[in-house]
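**Student:** Structure below; questions to follow.
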Amino acid sequence: MTHDDPKNPASKPDLERRRFLNSAALTGLAGAGLATGLTGCQQEQAAAPAPAAAPMAAAASHANDEVAPGQLDTYYDFCSGGHSGEVRIYGLPSGRLFKRIPVFNMDCLVGWGVTNESKAILGTKPNGTPKYTTGDTHHVHQTYKDGTYDGKYIFVNDKIHGRLARVRMDTMECDKITELPNIQGFHGTFPDKRDPVDASINYTTRVFCGAEFSIPLPNDGRDLEDGSKYHSLFTCVDSESMEVRWQVLIDGNCDLVASSYDGKLTCTNQYNTEMAVRYQDMMTVEMDACLFFNVARIEQAVKDGKFTTIGDSKVPVVDGTRGANADPKTALTCYVPIPKNPHGVNISPDGKYYVCSGKLSPTASVIAHDLVLKWFEGEIKDAREVVIAEPEIGLGPLHTGFDNKGNAYTTLFLDSQIVKWNVEAAIKAHNGDTAATVVLDRIDVHYQPGHGFTSMGETRESDGKYFVSDNKFSKDRFLPVGPLHAETAQLIDISGDKMKLVADHSVYSEPHDSIIVRRDIIKTRQIYDLDEFPLAIKDYKDSGVYRDGKKVTVKLISAAPAFSLDEFSVKKGDEVTIILTNFDKVEDLTHGFAIPKYDINFLVNPQETKSVTFIADKPGVYWCYCTNFCHALHLEMRMRMFVEA
Ligand code: K7E
Ligand code: CUA
Ligand code: CA
């Protein structure tokens, strides 16, 4: 409807550019589907000459977005690292990378997966090595208080092995990982952000987790080929204990997850309501769904014992399938029909609307929160009636961010654009108001955006300053670095009527999603406290070698520029545990500890204690040295380990 409004140039997609970017994808959309289109698109990109760079005027930065040397950024950007398995922290608007937090990966900078403490978080195999050393992080979200961030934790998913990790905001380190039972392809996650209705109720945050891939339940080899026996589960984890509270058996699959501001609902978009096991069969129906969960009813059902368990798991599983939830008045779930293979669901900062994008449909569906609640009361017969607008906004709509003026910003994967549109205008147009201008602006991004998000946009304090477009292809935007390109995160100023491209930030593969958090919300600690580590060595007189049969413990202290021992001896075959406490109290004075040929390498930050355990199986002299430049005598900061034959 708004697509071809002749009075509004923003409503008109640039067909020439679309053809250039992605003609095969258009055919794909009309015919066989997106997957065919994507293949064509990638081949075409590889063969096509590099397109002209964006006009310099558009790319020129303006003073407000510059962060001069010595100045600090206004925002933190917490970003998932995709199949690197990590989480990253950037500053915005500068785009400077501050930290890479190892989570599901191994990381030799800090010794994640090397130290006993990190292995305890990662989980180990019987031989003591980490259970998994890979991960795929897609979605990062922070805990809430009163509808805005509380600066306590962020949560991140691992799509590969179905794990949820928690990262403390005070130290910005992962402190817990939970493996979700009976699921595969854990993709979307969102903590509940309900306002405390009654301050005396001490609730802990729920973290909702959507499983994208259906599997046999239990997946123990009894059913393999027959896809009709596969199911997905939607999981709730407790943010404090990190234990799984409950799961919901559903029809179809989960993808992204969003949770309401009042704590009543959480939802996931579904692209495979077909419950197909082959991609071409996942595009057969015109309407898939956005699936809503009634949190209170689910928890009541669990309390009432109306659940089953699956396999070895003790987690209560309630029935959220369509057949079991036909009566809205008792239903745990509500399946809202959404056109075709939707991707992405986001809630507006006023808490009123969910926007679920069509992906294979050029539409964004606006769902009214209060109408979903009414459906659960039995006041609405047809679940489709909760969709109160469905504007056509462009090709391949995926994710939506919001400003503080009622506008939505949706990434258009196929059009390589961000489209700015007004939610209330879309509702008016849906109700027949032909004068309503829905699409307000479009801006080209480079190229093929996935997630897009606004500053503080997932909170009630959405401030309408910036939008970041995390693009899946960078092509010609940076110096070539071989076949694996950097990705682009493009910073767009959304404070005015027109979106303005402010900067291209290069991002190491493969960013998916971020949240942009005002810096005053985050309070970090800059040094640890000796007392928080049970193994800490608190006095030089305790430093030394302690033997118990074949088990040897070496207690060490680091204080620039020396370790507390010059050498220590163990015997071939000993199981050696080294405990290292960093006595330095000066901020930023971190030491490292590496042992050649024993594959040991880790850091100790000021007042921190870490430990490693290994078998001394190679006789000889080994120089243990400090890896992290700490002092003028950093190179001299080394000691010998003697392994006696
Ligand atoms: Cu990349 Cu959020 Cu995993 Cu969409 S998801 S693009
Ligand atoms: Cu201690 Cu370098
Ligand atoms: Ca589908």
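No value in this document is a laboratory result; all are computed from the given coordinates. Quick caveat, the model's predicted, so the values are computed rather than measured. Neighbour counts are summed over all protein chains in view; Cβ atoms, including those assigned to glycine, are modelled from backbone coordinates with ideal geometry.
**Student:** Kindly provide log₁₀ I(q)/I(0) values, in the same order as q = 0.14, 0.19 Å⁻¹, from the Debye equation applied to equal alpha-carbon scatterers of the stretch 458-615.
**Tutor:** Result of the Debye calculation: -0.84, -1.08.
**Student:** I need the calculated FRET efficiency for the pair LYS405 and ALA435, taking r as the beta carbon distance and R₀ as 22 Å, to the nearest 0.05.
**Tutor:** Values: r = 19 Å, r/R0 = 0.87.
So the FRET efficiency works out to roughly 0.70.
**Student:** Short version: what are the Cα gyration tensor semi-axes of the stretch 606-645, square root of 5 times each eigenvalue, largest first, in whole Å?
**Tutor:** Numbers: eigenvalues 112, 46, 7 Å².
The equivalent ellipsoid of the stretch 606-645 has semi-axes of 24, 15, 6 Å.
**Student:** Among bridges DSSP assigns within the stretch 240-321, what percent are antiparallel (round to 5)? Don't skip to the end; give the middle numbers.
**Tutor:** Values: 10 of 13 bridges.
Expressed as a percentage, antiparallel bridges in the stretch 240-321 total about 75.
**Student:** Another question, if that's okay. Among the trypsin sites (Lys or Arg not before Pro) in the stretch 324-405, which ones are in a DSSP loop with at most 15 other Cβ atoms within 10 Å of the Cβ? Mind listing them? Don't skip to the end; give the middle numbers.
**Tutor:** Working: sites: LYS329, LYS340, LYS352, LYS359, LYS374, LYS381, ARG384, LYS405; in loops: LYS329, LYS340, LYS352, LYS359, LYS381, LYS405.
Qualifying residues, ordered by number: LYS329, LYS381, LYS405.
**Student:** Sticking with this structure for a sec: Quote the FRET efficiency, to the nearest 0.05, computed for THR133 versus HIS485 with a Förster distance R0 of 22 Å and r equal to the Cβ-Cβ distance. Show your work: numbers first, answer last.
**Tutor:** Details: r = 25 Å, r/R0 = 1.14.
For R0 = 22 Å, the calculated efficiency reads 0.30.
**Student:** Here's another thing I want to ask about it. So how much slack lies between GLU575 and ASP238, counting 0.36 nm per residue of separation and subtracting their Cα-Cα distance, in nm? Kindly include the intermediate steps, with their values, before the conclusion.
**Tutor:** Numbers: separation 337, 0.36 × 337 = 121.32 nm, distance 3.70 nm.
Contour length minus the Cα-Cα distance gives 117.6 nm.
**Student:** Say the dipole of the stretch 69-168 comes from +1 at the beta carbon of Lys and Arg and -1 at that of Asp and Glu; which of CYS108, GLY128, GLN71 then lies farthest toward its positive end?
**Tutor:** The residue sitting most towards the positive pole is GLY128.
**Student:** Using r as the Cβ-Cβ distance of VAL586 and SER509, and R0 as 30 Å, what FRET efficiency do you calculate, to the nearest 0.05? Before the final figure, lay out each step's value.
**Tutor:** On the way: r = 36 Å, r/R0 = 1.18.
That pair, VAL586 with SER509, gives E of 0.25.
**Student:** Still on this structure: Please give, to one decimal in nm, the separation of the simple spin-label points placed at TYR540 and ASN64, each 7 Å out from Cα toward the Cβ.
**Tutor:** So the two model labels end up 5.7 nm from each other.
**Student:** What percentages make up the Cα-Cα pair-distance distribution of the chain when the bins are 10 Å wide from 0?
**Tutor:** Spelled out per bin, shortest first, that is 3, 15, 24, 24, 17, 11, 5, 1, 0.
**Student:** Excluding LYS329 itself, what net charge comes from residues whose Cβ is under 11 Å from its Cβ, given Lys and Arg +1 and Asp and Glu -1? Don't skip to the answer; put the middle values down first.
**Tutor:** Values: positive: ARG297; negative: ASP327, GLU377, GLU379.
Combined, the nearby Lys, Arg, Asp and Glu give -2.
**Student:** So what are the ³J(HN,Hα) numbers for the stretch 351-364, from phi and the Karplus equation (6.51, -1.76, 1.60; θ = phi - 60°), rounded to whole Hz, Gly and Pro as x?
**Tutor:** So the Karplus estimates, Gly and Pro as x, are x, 8, 10, 9, 10, 10, 8, x, 6, 8, 10, x, 10, 10 Hz.
**Student:** HN-Hα J couplings of the stretch 166-177 from phi, Karplus 6.51/-1.76/1.60, θ = phi - 60°, integer Hz, Gly and Pro as x?
**Tutor:** Here the 3J(HN,Hα) series is 10, 10, 6, 7, 6, 10, 6, 10, 6, 10, 7, 9 Hz.
**Student:** Could you list, bin by bin from short to long, the percent of Cα-Cα pairs of the stretch 440-543 in 5 Å steps?
**Tutor:** In whole percents, the pair-distance histogram is 2, 11, 16, 16, 13, 9, 7, 7, 6, 6, 5, 2, 1, 0, 0.
**Student:** Taking amide hydrogens as modeled 1.01 Å from N in the peptide plane, which residues meet the under 5 Å criterion relative to CYS254, leaving out close sequence neighbours?
**Tutor:** Under 5 Å from the amide H of CYS254: ALA211, GLU212.
**Student:** Once you charge only the Cβ atoms, +1 for Lys and Arg and -1 for Asp and Glu, what is the size of the charge dipole of the chain about its Cα centre, to the nearest 20 debye? Working shown, then result.
**Tutor:** On the way: 68 positive and 87 negative charges, 180 e Å.
It works out to roughly 860 debye.
**Student:** So, one more: List the pair-distance distribution P(r) of the stretch 309-391, using every Cα-Cα distance, as the percent of pairs falling in each 5 Å bin from 0 up to the bin containing the longest distance, rounded to whole percents.
**Tutor:** 3, 15, 19, 19, 18, 13, 8, 5, 1, 0
**Student:** Once you list every other residue whose beta carbon is under 9 Å from the beta carbon of TYR622, what net charge do they have if Lys and Arg are +1 and Asp and Glu are -1? It would help to have the intermediate numbers written out before the result.
**Tutor:** Values: positive: LYS597, LYS618, ARG640; negative: none.
Its environment carries a net charge of +3.
**Student:** Just want to confirm a number: the relative contact order over the stretch 473-611, from Cα pairs under 8 angstrom separated by 6+ residues, in percent. Walk me through the numbers on the way to the answer.
**Tutor:** Details: 216 pairs, mean separation 24.5, N = 139.
Relative contact order for the stretch 473-611 comes out at 18 percent.
**Student:** Within the stretch 73-90, what residues put their amide N at less than 12 Å from the label point 7 Å along the Cα-to-Cβ vector of ARG519?
**Tutor:** Label zone hits: 73-77.
**Student:** What is the order of VAL517, VAL285, fewest Cβ neighbours within 10 Å to most? Each step should come with its number before you reach the end.
**Tutor:** On the way: VAL517 25, VAL285 16.
Least crowded to most crowded, the residues run VAL285, VAL517.
**Student:** Okay, moving on. Would you list THR284, THR437 from fewest to most Cβ contacts within 10 Å? Before the final figure, lay out each step's value.
**Tutor:** Details: THR284 11, THR437 17.
Lowest count first: THR284, THR437.
**Student:** Quick check: residue separation of LEU224 and MET287 times 0.36 nm, minus the Cα distance between them. What number comes out in nm? If you can, show how the numbers build up before the last one.
**Tutor:** Values: separation 63, 0.36 × 63 = 22.68 nm, distance 2.77 nm.
Stretched fully, the LEU224-MET287 segment lengthens by 19.9 nm.
**Student:** Per the helix-only calculation at 222 nm, which mean residue ellipticity applies to the chain, given -39500 (n - 2.57) for every DSSP H run of n ≥ 4 and division by its residues, nearest 500 deg cm²/dmol? Don't skip to the answer; put the middle values down first.
**Tutor:** Working: 7 runs with 66 residues, N = 645.
About -3000 deg cm²/dmol.
**Student:** Hey, another quick one. Going by C-beta contacts inside 10 Å, put PHE642, PHE413 in order with the fewest on the left.
**Tutor:** Values: PHE642 14, PHE413 26.
Lowest to highest Cβ neighbour count: PHE642, PHE413.
**Student:** Using only the Cα atoms of the stretch 209-291, build the gyration tensor, take square roots of its eigenvalues as a ≥ b ≥ c, and label the shape rounded, prolate or oblate: rounded if a/c is under 1.5, else prolate if a/b is larger than b/c, else oblate.
**Tutor:** Working: a/c = 3.20, a/b = 1.33, b/c = 2.41.
In terms of gyration-tensor shape, oblate.
**Student:** With +1 assigned to the C-beta of every Lys and Arg and -1 to the C-beta of every Asp and Glu, and no other charges, what is the dipole magnitude of the stretch 562-645 about the Cα centre in debye, to the nearest 20? Present the calculation step by step, with values, prior to reporting the outcome.
**Tutor:** Values: 8 positive and 12 negative charges, 45 e Å.
Computed charge dipole of the stretch 562-645: roughly 220 debye.
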